[in-house]
Amino acid sequence: MPELPEVETFRRRIEAGALNRTIAGIRPGNDTCHVELPDAAALTQFEGHQFTQTRRHGKYIFVGSASGPWLNLHMGMSGSVRVYDVAEGDPDYARLVVSFEGDRRMAFRDPRKFGWIRVVEDPDAEIARLGLGPDALEIDAAGFADRMEGRGAIKSALLDQAKVCGIGNLWADETLYQTGIHPDTRAGDLSEAQRADLHRAFGRILKSVSDVDAHYADLPDPWLIHRRKAGHECGRCEGTIASRKVGGRTSFFCADHQDRVS
Ligand SMILES: [Zn+2]
């Protein structure tokens, strides 16, 4: 599933190859049955305009211009964005294709069809309507600390998109592993120092993964991402990796160095 770093990689692709070009047309791709796409009238209003800005909030991408409208893309389970020239042909599973004047094209690909595209006038209003919290790479330490409260497990709090937007299952586990906090720990029982550690850790982790274009093999060897298997040896201590469900999501952690507080 595309997580924040993959989505950031797609946003960078759009920014590098699809801005400030006049849009000739936007059309549905192939086999769009059961894919949520804007209707033809909504797409027509982009013709003759240019995308001049991109924005990512959590796992949502917005591409548009200051005066709007914007395309809002959500990648679902398998979505991605390609920017290419017409001679290369549309990629497989292209569900929406933007044609710019000249040869440049941009496609939203989605093999499994859980993603969607909507037209919105104002990204901030849409983020509020969706009930999303601050973006994980933008929230500050104090704002984060205030949101990690209550009796629920810290793992569930990190995944709650209304608290902090963009931390998915993989990087929630990685953050807890790297800070030595057990996923079952009650959010409200964390010390101030632990909240500050968590904030620093997920910021550094998400940025590191984005900076290697989400090629996980390039991430440091001790990371949990390379050992998400029960019984695997821990990369940070002599312990072994365990697995259990927390808040309905499978969590991997080291029972030795991730201390249970409550
Ligand atoms: Zn360990």
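The values are calculated or read from the model by the stated rules, or taken from the named source; none is laboratory data. These numbers were taken from a predicted model, which means no experiment stands behind them. Cβ: placed from backbone, ideal geometry, glycine included. Neighbour counts: every protein chain shown.
Consider the range 244-262 and keep the residues that are surrounded by 12 or more Cβ atoms within 10 Å (Cβ to Cβ) and within 13 Å of the ligand (Cβ to nearest atom). The one that is farthest from the chain's Cα centre (by Cα) is 256.
One residue stands out among those in the range 221-243 that are in contact (Cβ under 8 Å) with a residue 40 or more places away in the chain and outside any loop (DSSP other than H, G, I, E, B): the one that is farthest from the ligand (Cβ to nearest atom), which is 225. Tally up the residues in the range 15-70 that are free of Cβ contacts under 8 Å to residues at least 60 places away in the same chain, assigned to a loop (DSSP other than H, G, I, E, B) and aliphatic (A, V, I, L, M), please. Count: 2. Residues that are touching a residue at least 60 places away in the same chain (Cβ under 8 Å) and within 16 Å of the chain's Cα centre (by Cα) are absent from the range 145-152. Residues that are without any contact (Cβ under 8 Å) to a residue 40 or more places away in the chain, assigned by TED's automatic domain parsing to the domain that holds residue 225 and under 22 Å from the mean Cα position of the chain (by Cα) do occur in the range 178-195. Among the residues of the range 105-129, those that are part of a helix (DSSP H, G or I) and of a type outside the set (Lys, Arg) comprise 123, 124, 125, 126, 127, 128.
Return yes when residue 231 is surrounded by fewer than 16 Cβ atoms within 10 Å (Cβ to Cβ) and over 22 Å from residue 159 (Cα atoms) and no when it is not. Considered against the rule, which asks whether it is surrounded by fewer than 16 Cβ atoms within 10 Å (Cβ to Cβ) and over 22 Å from residue 159 (Cα atoms), residue 231 comes out as yes.
In the condition set (1) within 15 Å of the ligand (Cβ to nearest atom); (2) more than 18 Å from residue 1 (Cα to Cα); (3) in the same structural domain as residue 155 (by TED's automatic domain parsing), residue 218 is compliant with all but (1). Being in contact (Cβ under 8 Å) with a residue 40 or more places away in the chain and in contact with a His (Cβ under 7 Å, 6 or more places away or on another chain) is the requirement here; does residue 116 meet it? Here the answer is yes, as residue 116 does meet what is asked.
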